[in-house]
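Peer 1: Got a structure for you, written out below as structure tokens; questions coming shortly.
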Amino acid sequence: MPSQSQISDKGSIRHNVPILSVSLETENGSTELKRQNGDISMEFRYKMTYHGVNNINFTTAGPLTFFIDVFRDELNYQLDRRVQGGSEQWIPCRYGDYCPGFVNDQPSKIHVAQSEDFVCLHPSESWEGSFTVDDELWEFPDHLGTGAIFRFAFKGATIGWWDWGTKDGTHADTIVTFRGYGQSTRSDFTDDDNGGRPQIFVPSSNEIELVLAD
């Protein structure tokens, strides 16, 4: 996984890159991955923090508005299973019947200020959301016994769209265009270079170790 310090700076602007990080925790504080009636499911919370900008004091950095789809996309998370028998080897759990939805090649427009898919943060502020790990999204072997060990983490991803300024102020009238992927959270903005602003890569999160319990 990418390191916590890895940040992409691709674009015509090589400075003033916002620094973001993500941390994970289980919804109820427990590390037991519950199996009830044969079904496996667990809720996680992710916390995304805006730390400021890479080359100025964070107290003088401006607010940031960005698209949050990368935190809802299951392909940006990883679930591994430890090989049983005292081994330190980990095996990635395969995604289930993942489908990105029906590709819509017709551009759609989103009004930033009116969409819940955009969030605004000032330096040192955080935004939280939730994510579910279950056996519909990932494939679990049928032979798994109680005590099987897993680890879960956000792998890291590049923010699809962002800009300086507040959502309700600077971007009160901002409209962005993208191509969507059906019911999936994945998207492809037609403004590929993000208006000349550098890309923001959000590094991988902490890893949470889980134990399968009945």
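Peer 1: Taking H placed 1.01 Å from N in the peptide plane, check which residues at least 5 places from V17 or on another chain put their amide H under 5 Å from its amide H.
Peer 2: Correct list: N54, N55.
Peer 1: What residues have an amide H closer than 5 Å to that of W138, excluding those fewer than 5 places away on the same chain, when H is modeled at 1.01 Å from N in the peptide plane?
Peer 2: So W138 has HN proximity to G96.
Peer 1: Also: Going by average Cβ neighbours within 10 Å, how do the peptides 32-40, 150-158 rank, with the highest at the top?
Peer 2: Top to bottom by mean Cβ count within 10 Å: 150-158, 32-40.
Peer 1: Which whole-Hz ³J(HN,Hα) couplings does region 195-201 yield from phi under the Karplus relation 6.51 cos²θ - 1.76 cosθ + 1.60, θ = phi - 60°, glycine and proline marked x?
Peer 2: In residue order, the calculated couplings are x, x, 7, x, 5, 10, 9 Hz.
Peer 1: Under a 5 Å amide H to amide H cut-off, with H placed in plane at 1.01 Å, what residues pair with G165 once short-range neighbours are removed?
Peer 2: Here L64, T65 satisfy the definition.
Peer 1: Please arrange H111, H51 by accessible surface area, largest first, computed with a 1.4 Å probe and ligands excluded. Please report the intermediate quantities before stating the final value.
Peer 2: Values: H111 55, H51 90 Å².
These residues rank, largest area first, as H51, H111.
Peer 1: Hey, another quick one. Taking θ as phi - 60°, what are the ³J(HN,Hα) couplings along region 122-130 by the Karplus curve (6.51, -1.76, 1.60), each to the nearest whole Hz, with x for Gly and Pro?
Peer 2: 9, x, 6, 8, 10, 10, 10, x, 10
The values are calculated or read from the model by the stated rules, or taken from the named source; none is laboratory data. Keep in mind that this is a model prediction, so the values were computed, not measured. Every residue, glycine as well, gets a Cβ built from its backbone with ideal geometry; the counts of neighbours run over all protein chains shown. These accessible areas exclude ligands, DNA and RNA; they are computed on the full protein's heavy atoms, side chains included. Shrake-Rupley method; radii C 1.70, N 1.55, O 1.52, S 1.80 Å.
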